[in-house]
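Chemist: Can you keep this structure in mind? I'll have questions shortly.
The values are calculated or read from the model by the stated rules, or taken from the named source; none is laboratory data. Keep in mind it's a predicted model, so treat the numbers as computed, not measured. In this analysis, Cβ positions are derived from the backbone assuming ideal geometry, glycine residues included, and neighbour counts consider all displayed protein chains. Accessible surface areas use protein heavy atoms only, side chains included; no ligands, DNA or RNA. Shrake-Rupley method; radii C 1.70, N 1.55, O 1.52, S 1.80 Å.
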2 protein chains.
Amino acid sequence: MTTTILGTTPSSARDRREGLGPNCDLIGRPNGRRLLNTPALILDLDALNHNIGMMAAFGRKSGIALRPHAKTHKSAHIGALQRKAGAVGLCCAKLGEAEALAHEDAGPLLITSPVVGPSALARLAALCDRAETSVVVDNVENVHALAAALEGRSITVFIDLDPGLHRTGASGPATAVELARTIHAQKNLRFGGLQFFSGPTQHIEDYEARYRDVERRTANLVAVAEALRSAGFPPAVITGGGTGTHEIDARLGVMTELQVGSYVFMDDQYSACALYPATANPFRTSLTIDTRVISANWPGLVTVDAGFKASTGSLLPPRIVSGAPESAVYEYRGDEHGAIILPEGARAPRLGEVVGLKTPHCDPTVNLYDFYHVVRGDDLFDIWPVTARGRSS
Amino acid sequence: MTTTILGTTPSSARDRREGLGPNCDLIGRPNGRRLLNTPALILDLDALNHNIGMMAAFGRKSGIALRPHAKTHKSAHIGALQRKAGAVGLCCAKLGEAEALAHEDAGPLLITSPVVGPSALARLAALCDRAETSVVVDNVENVHALAAALEGRSITVFIDLDPGLHRTGASGPATAVELARTIHAQKNLRFGGLQFFSGPTQHIEDYEARYRDVERRTANLVAVAEALRSAGFPPAVITGGGTGTHEIDARLGVMTELQVGSYVFMDDQYSACALYPATANPFRTSLTIDTRVISANWPGLVTVDAGFKASTGSLLPPRIVSGAPESAVYEYRGDEHGAIILPEGARAPRLGEVVGLKTPHCDPTVNLYDFYHVVRGDDLFDIWPVTARGRSS
């Protein structure tokens, strides 16, 4: 199996002056990773490129477009690599995320949650001057407010469809048709199609169980798409899905583009999912956390410098991937610390040694950090900002 | 009961140019809070000042010094208010937190976790040139490495004592005396005293149960202090405790200064604790999250724009404090969203309306945000950066 290795150039002196954090002098230094202050977010460049290449190949083979979700990485740099590999644009969860990425020329951006309220809509209108922006709606009142806020600009609008979670989205065919009619009645809104995303489905570990869940939910999507066609509003694009369902979504053939996100990193929750029916997951773990032993005064455990402020996203603790025996486990010890619990008789990591952790859920963990430390083995290749970190609004 | 209202001046035009985020034009605008993009971290200025004044008064009355912990707020601005009210300095959980605060002239800083490894120690040495820095140790090897890294500088060192958690800290009298002897043998290290902090104790809700827990653990502290005095190393300062134990620590009379943190905000976990034996908690909730209804398509619930990326720190959900009926509850709906679940027959907040949330645990929640939006009612008084956000290393 071949993978595309995407070119990427280390940060320039100018970038460094503009602030890549306290570790920027280590860029390019052999074994520089070992000198990083910890906890540090680590990105394996070769695994990242492998993952981007594998998903791009999947999209080409399946004839389905990719619009990767930037809520996972929040990085202009990773987004650029995805677009270079053929992605048609990026998704953003929130307006603020899109604003931050637009500032870095991240190409076409689809905001996948409704943008609500006068000040947010005014900012969305201003964003349209800087980036090719599209947005989802699930409410007629919001469609009117959006059209009024644009002040002469125009925008592409997708109808968000509830996959059965009652989180966001139109409830079914009747409300979707009413939304499409309302969108069509506004001179400055273009109807782009449908969005459909079921978060919990992504994490069903068993392939067959996940397939049945997607199939069941997709029946509603098909009904809505047919109702829209009958009403004269054919959805040109059906966008959605994620890393957990991409193979199933492509197989069912209803979606025209995939909003895959976590495949770039492959966190522990996704690694536990059988993504393909017959073959092993083609994606590698590229994202880890380096944490250091800062106290070692008791038998059977050592304390490291990564706690809830360094890894988050579920009750599950991170998994140890390097620096300690395979059967050792990590336990949270508050906001600032964690414990490495050692099996009977195992050699404990020593004071100052580094332990590598694989995070259970990448998206909210990345959101804790200002920088990716991009490595090849122990060499620090580059530091990339988490461009839209904290932009959840 | 009187409280000290501390003066604070809104950010200057220069501060604004240097980037206070997308909401900076709203500073000083009446009802500006209502125009904030959400989710937004909200800080009630009067409640903050009340809390700072109340704790300062407690310290004076009890004859105990305050060295408030900046891991809670990570803010140079709030730290300055605490120092103006009489605090002897600030605590920092990590080297990176101290570096960021030193950059803003935050006064004397005590790093309350061991600083381990050659690159971290080199940075600690450099920090000593910029700020009056002290640090804790719990390991003889680390004492030697610290002394060697300082290169002619000198630093005050506290012995961190394990309160029985096996997280960090010397295990008891013998190891503490060995550490004190090692510190004394280094020309450039000054022995400052002891640090003693039991995190889980802080959150025991019942006063009597918490009192017994503190009393039991403090017996070990007393034994170590006596052993140090007998060995000729009297601990001049005994620093530690927190918001949950400050009244008990002062009453037991062993500590000479308190590392109180969360009292400035009073999150939901601390609000549940009876901090004083006979009187009500004197502190008010100053920290909340404003979140907005972005979807309202189903009876009995609405979806808001605050999820795991906007509030974190425990399995407990945030508590609703405004904008929805008192009996409504918040439930997480993933990284980006939450649900407001309404009681039977209650009026639901409408699309675009704001719901106020009180976070279960302030420290890691603050760490998600770049800015405090400092309010008086609905007026946006100022925006303060979360100076050391993300500096967990």
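Chemist: Filter the range A:142-167 down to residues that are in a helix (DSSP H, G or I) and either of a type in the set (G, A, S) or away from chain B (no Cβ under 11 Å) (or both) and give me whichever is nearest to B:D25 (Cα to Cα).
Modeler: A:A149
Chemist: Let me ask something else about it. Can you tell me which residue within the range A:122-141, out of those that are open to solvent by 10 Å² or more (accessible area, probe 1.4 Å) and assigned to a helix (DSSP H, G or I), is farthest from the other protein chains (Cβ to nearest Cβ)?
Modeler: Ranking the qualifying residues of the range A:122-141, first place goes to A:C128.
Chemist: Within the range A:302-391, considering only strands (runs of 3 or more DSSP E) that don't extend past its boundaries, which have at least 2 residues that are farther than 30 Å from B:D162 by Cα?
Modeler: Qualifying strands (runs of 3 or more DSSP E): A:371-376, A:379-385.
Chemist: Can you tell me which residue is nearest to the chain's Cα centre (by Cα) among those in the range A:325-380 that are within 13 Å of chain B (Cβ to nearest Cβ), charged (D, E, K, R) and open to solvent by 20 Å² or more (accessible area, probe 1.4 Å)?
Modeler: So the residue we want is A:D370.
Chemist: Another question, then. Of all residues in the range A:106-145, count the ones that are closer than 21 Å to A:F196 by Cα and among the hydrophobic types (A, V, I, L, M, F, W, C).
Modeler: 10
Chemist: Do you know which residues across the range A:188-205 are in contact with a Leu (Cβ under 6 Å, 6 or more places away or on another chain) and surrounded by fewer than 19 Cβ atoms within 10 Å (Cβ to Cβ)?
Modeler: A:N188
Chemist: Shifting gears a bit: Could you list, in sequence order, all residues of the range B:174-187 that are out of contact with any strand residue (DSSP E or B) (no Cβ under 7 Å at 6 or more places or on another chain) and either more than 14 Å from every other protein chain (Cβ to nearest Cβ) or on the phi > 0 side of the Ramachandran plot (or both)? Walk me through how you get there before you give the answer.
Modeler: Filtering the range B:174-187 for residues out of contact with any strand residue (DSSP E or B) (no Cβ under 7 Å at 6 or more places or on another chain) gives B:174-175, B:177-178, B:181-182, B:185-187.
Once the filter is applied, which keeps residues that are out of contact with any strand residue (DSSP E or B) (no Cβ under 7 Å at 6 or more places or on another chain) and either more than 14 Å from every other protein chain (Cβ to nearest Cβ) or on the phi > 0 side of the Ramachandran plot (or both), the range B:174-187 yields B:V177, B:R181, B:T182, B:A185, B:Q186, B:K187.
Chemist: Mind listing just one residue for me: the one in the range B:13-32 that is open to solvent by 50 Å² or more (accessible area, probe 1.4 Å) and assigned to a loop (DSSP other than H, G, I, E, B) and, of those, modelled with the lowest pLDDT?
Modeler: B:E18
Chemist: Applying the selection to the range A:309-331, what residues are in contact with a Gly (Cβ under 7 Å, 6 or more places away or on another chain) and within 27 Å of B:L146 (Cα to Cα)?
Modeler: Passing the criteria: A:S322, A:G323.
Chemist: I would also like to ask the following. Quick check: anything in the range B:70-92 surrounded by fewer than 24 Cβ atoms within 10 Å (Cβ to Cβ) and assigned to a strand (DSSP E or B)?
Modeler: No, every residue in the range B:70-92 fails to be surrounded by fewer than 24 Cβ atoms within 10 Å (Cβ to Cβ) and assigned to a strand (DSSP E or B).
Chemist: Now, a different point. Checking A:G244 against (1) in contact with a His (Cβ under 7 Å, 6 or more places away or on another chain); (2) within 17 Å of A:R60 (Cα to Cα), only one condition comes out false. Which one?
Modeler: Every listed condition holds for A:G244 apart from (2).
Chemist: Here are some conditions: (1) of a type in the set (V, I, T); (2) free of Cβ contacts under 8 Å to residues at least 60 places away in the same chain; (3) more than 19 Å from A:M55 (Cβ to Cβ). A:T245 meets all but one. Which one does it not meet?
Modeler: (3)
Chemist: Could you check how many residues of the range B:279-294 are touching a helix residue (DSSP H, G or I) at 6+ places or on another chain (Cβ under 9 Å) and either within 14 Å of chain A (Cβ to nearest Cβ) or not in a strand (DSSP E or B) (or both)? Step through it out loud before you land on a result.
Modeler: Initially, the range B:279-294 is screened for residues touching a helix residue (DSSP H, G or I) at 6+ places or on another chain (Cβ under 9 Å), giving B:281-287, B:289-290, B:292, B:294.
The next check asks that each one be either within 14 Å of chain A (Cβ to nearest Cβ) or not in a strand (DSSP E or B) (or both); those that pass are B:281-286, B:289-290, B:292, B:294.
Residues that pass the stated criteria total 10.
Chemist: Filter the range A:33-66 down to the residues that are under 17 Å from A:L110 (Cβ atoms) and surrounded by fewer than 24 Cβ atoms within 10 Å (Cβ to Cβ) and list them by number. First the steps, then the outcome.
Modeler: Filtering the range A:33-66 down to residues under 17 Å from A:L110 (Cβ atoms) leaves A:59, A:64-66.
Within the range A:33-66, A:G59, A:I64, A:A65 meet the criteria.
Chemist: Can you work out which of the residues in the range A:192-217 that are out of contact with any Asp or Glu (no Cβ under 8 Å at 6 or more places or on another chain) and among the hydroxyl-bearing types (S, T, Y) is farthest from A:I155 (Cα to Cα)?
Modeler: A:Y207
Chemist: Say whether the condition of being open to solvent by 30 Å² or more (accessible area, probe 1.4 Å) and either within 13 Å of another protein chain (Cβ to nearest Cβ) or in a loop (DSSP other than H, G, I, E, B) (or both) is met by at least one residue in the range A:206-223.
Modeler: Yes, because at least one residue in the range A:206-223 is open to solvent by 30 Å² or more (accessible area, probe 1.4 Å) and either within 13 Å of another protein chain (Cβ to nearest Cβ) or in a loop (DSSP other than H, G, I, E, B) (or both).
Chemist: I'd like the full set of residues that are within 8 Å of chain A (Cβ to nearest Cβ) and farther than 18 Å from B:L35 by Cα, limited to the range B:296-306.
Modeler: B:A296, B:N297, B:W298, B:L301, B:T303
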